[in-house]
Amino acid sequence: MPIDIARAHAFVAAHGTDLDRARAAALLEGVVPETVPDAIATLQNTDGGFPVGLVAGRTSALSPTAQALMWLRDLKLVDTEVGQRALQFIEERQLPRGIWREQPEVMQWNPPPWMDPDSTPADVYTTALCASTIVVLSDNDLPADVAVNWLQTQQARDGLLVGFRAHSSWLAIPAFERIFGQETRATRRLIAGLGTNLSPEWSSGMVAWMLQSLLDARYTRRTELVNRAWLQLNDAQLPDGSFGAEEGEDPVQTTLQAIDIAVRLQGHG
């Protein structure tokens, strides 16, 4: 059965924060807040970035800044001063050879391995994340152009990017599509690699995150990978309207992702 958007919305309303409910309202009803919610605005550091772990007072980092921008996107508030400063933070931290790398200062907060500035797999992940964030949320293709040429050198034989293979690869899809197009060898190998890797063992959060990246890159259900992932996500909805989360995943956030995908693929109302 298709995703039951009403049940998913009810789950977010019952279990989410005020910010989560505002995101759902914007996604489903087009209700845009007059100002950026305090839950986002008060976290932004003076440099425009957002702190490690989204904990106020910590060092700004690329990954949480990209996360905050996705919240602003749901709320249709990327064009605000908060959103534009966050985008500028990411753009200004691209290194000359095209990659993005977290600053060593983030390590004092014991971040996850994909934020380790001394790790090549983390460089791949962070570069894919930042390049795609910029192409999805702005018209500036130049940073992604340099980035994807480096990322292309990190593709393994199966088409996936090295390191955090599935995650980095689906994060890179919008940037690859914008710079190379859907029909070039590099992009087709990326999609094919993800198609081979997708399995029923993937969590709902993984499937939803990949689907969002595919839709951001203008893929449709005419693409086999989109169709397979969409059907798998449909089957994952639980009786309470949520999408089950594995350890480290938040069911409310996954349900919000599923709502976004369902609105885009099956409409609402």
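For the range 239-256, which residues satisfy the criterion of being of a type in the set (S, T, N, Q) and out of contact with any strand residue (DSSP E or B) (no Cβ under 8 Å at 6 or more places or on another chain)?
SER242, GLN253
Kindly evaluate THR196 against the criterion of being among the hydroxyl-bearing types (Ser, Thr, Tyr), within 12 Å of the chain's Cα centre (by Cα) and closer than 25 Å to GLY248 by Cβ.
No, not satisfied.
Which of the residues spanning the range 42-64 are within 16 Å of the chain's Cα centre (by Cα) and either touching a residue at least 40 places away in the same chain (Cβ under 8 Å) or buried (at least 22 other Cβ atoms within 10 Å of the Cβ) (or both)?
PHE50, GLY53, ALA61, LEU62, SER63, PRO64
Consider THR153 carefully, then state whether it is closer than 20 Å to ALA217 by Cβ, at pLDDT 95 or above and among the polar types (S, T, N, Q).
In short, no.
Scanning for something modelled with pLDDT of 95 or more, farther than 22 Å from ILE259 by Cα and surrounded by fewer than 24 Cβ atoms within 10 Å (Cβ to Cβ), does the range 196-214 turn up at least one residue?
For the range 196-214, residues modelled with pLDDT of 95 or more, farther than 22 Å from ILE259 by Cα and surrounded by fewer than 24 Cβ atoms within 10 Å (Cβ to Cβ): present.
What single numbered condition from (1) under 17 Å from ALA66 (Cα atoms); (2) small (Gly, Ala, Ser); (3) surrounded by fewer than 16 Cβ atoms within 10 Å (Cβ to Cβ) fails to hold for SER168?
Of (1) under 17 Å from ALA66 (Cα atoms); (2) small (Gly, Ala, Ser); (3) surrounded by fewer than 16 Cβ atoms within 10 Å (Cβ to Cβ), only one is false for SER168: (3).
Checking SER199 against (1) touching a residue at least 12 places away in the same chain (Cβ under 8 Å); (2) outside any helix (DSSP H, G or I); (3) of a type outside the set (D, E, K, R), which single condition isn't satisfied?
In the conditions (1) touching a residue at least 12 places away in the same chain (Cβ under 8 Å); (2) outside any helix (DSSP H, G or I); (3) of a type outside the set (D, E, K, R), SER199 misses (1) alone.
Only one residue in ARG228, ARG222, ARG218 is touching a residue at least 12 places away in the same chain (Cβ under 8 Å) and either in a helix (DSSP H, G or I) or within 18 Å of PRO2 (Cβ to Cβ) (or both). Which one?
Criteria check complete, one pass: ARG228.
Among PRO51, PRO64, which is closer than 22 Å to THR254 by Cβ and modelled with pLDDT of 95 or more?
When all the criteria are applied, what remains is PRO64.
Return the residues of the range 171-186 that are touching a residue at least 12 places away in the same chain (Cβ under 8 Å) and either farther than 20 Å from ASN140 by Cα or surrounded by fewer than 17 Cβ atoms within 10 Å (Cβ to Cβ) (or both); say none if nothing qualifies.
GLN182, ALA186
Restricting attention to the range 49-60, does a residue exist that is assigned to a helix (DSSP H, G or I) and in contact with a strand residue (DSSP E or B) (Cβ under 7 Å, 6 or more places away or on another chain)?
Scanning the range 49-60 turns up at least one residue that is assigned to a helix (DSSP H, G or I) and in contact with a strand residue (DSSP E or B) (Cβ under 7 Å, 6 or more places away or on another chain).
The values are calculated or read from the model by the stated rules, or taken from the named source; none is laboratory data. Note that the structure is predicted; figures quoted are calculated from it, not measured. Note: ideal-geometry Cβ built from the backbone for every residue, glycine included; neighbour counts use all protein chains shown.
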